[in-house]
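Following: one structure in structure tokens, then a few remarks.
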Amino acid sequence: MLTASTHLSLHAPNDELRNALVPINRTYPLAELLAACLRYLDVAPRDFITFEYVMLDGVNDHTIHAKQLAAVLQPHNAFKVNLIPYNPTGAGFEGSTPKAIEAFRATLAERGQPVTVRLTRGRDIDAACGQLA
């Protein structure tokens, strides 16, 4: 059973896309990040690591991205994915549709990847999760 976790921002299933969305990925690519996470789980009192994944319409929300994500997050029981609907900030992105988020979630779940979808709160005061600037 999943009980305790550490949260990290992921937002992409591959280095090419992650370099564009999370520039620190150029210094610490995905394979290094995942290896470090597994080492951390070996020594830290955690059951799994949660990756936050902001859903961006047409950017990182395609089924192929979900399949890539499920493939790189091994073993599945070490990682949970928390899908976050994007909250507009004027950064040039649009949020994924509820249908796209559900398809992404279902694709991960079908492959055995623990996944949740975060509820959207705080949008009215610009304090919601999923506000990338």
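The values are calculated or read from the model by the stated rules, or taken from the named source; none is laboratory data. Worth saying up front: this structure is predicted, and the values here are computed from it rather than measured. Counting neighbours? That spans all protein chains shown, and the Cβs are built from the backbone with ideal geometry, glycine included. We work out accessible area using only protein heavy atoms, side chains counted, and drop any ligands, DNA or RNA first. Shrake-Rupley method; radii C 1.70, N 1.55, O 1.52, S 1.80 Å.
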Interchain or sequence-distant (5+) residues whose placed amide H lies within less than 5 Å of the amide H of Lys80 are Ile49, Thr50, Phe51
With Cα coordinates, the longest principal axis of the chain makes an angle with the long axis of helix 63-72, in degrees rounded to 10, of 20
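Among DSSP beta bridges lying fully in the chain, give the percent that are antiparallel, nearest 5.
On the way: 1 of 16 bridges.
Beta bridges within the chain, antiparallel portion: roughly 5 percent.
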Cα-based convex hull volume of the chain per residue, rounded to whole Å³: 109
Kirkwood Rh over alpha-carbon pairs of segment 30-88, then Stokes-Einstein at 10 °C and 1.306 mPa s: what D in µm² s⁻¹, rounded to an integer? 126
Fraction of accessible area attributable to carbon and sulfur, the chain (%, probe 1.4 Å): 55
Which cross-chain or sequence-distant (5 or more) residues have an amide H under 5 Å from the amide H of Leu56, H modelled 1.01 Å from N in plane? Asp61, Ser96
About the Cα centre, charge dipole magnitude for the chain (Lys/Arg +1, Asp/Glu -1 at Cβ), debye: 220
Full extension between Thr89 and Ala44 adds, at 0.36 nm per residue less the Cα distance, a length in nm of 12.7 nm
Once Rh is set to the Kirkwood radius over Cα pairs, what Stokes-Einstein translational diffusion coefficient, in µm²/s, holds for segment 51-120 at a temperature of 10 °C and a viscosity of 1.306 mPa s? 132
In degrees, nearest 10, the alpha-carbon axis of helix 98-110 is tilted away from the dominant principal axis of the alpha carbons of the chain by 10
Solvent-accessible area of Asp61 with every protein chain in place, 1.4 Å probe, in Å² to the nearest 10: 10
Through the Karplus equation 6.51 cos²θ - 1.76 cosθ + 1.60, θ set to phi - 60°, convert the phi angles of segment 52-61 into ³J(HN,Hα) values in whole Hz; use x for Gly and Pro. 7, 9, 6, 8, 10, 4, x, 10, 9, 10
For the chain, with the dipole built from +1 on Lys and Arg beta-carbon atoms and -1 on Asp and Glu ones, taken about the Cα centre, which of Thr50, Thr89, Thr27 lies farthest toward the positive end? Thr50
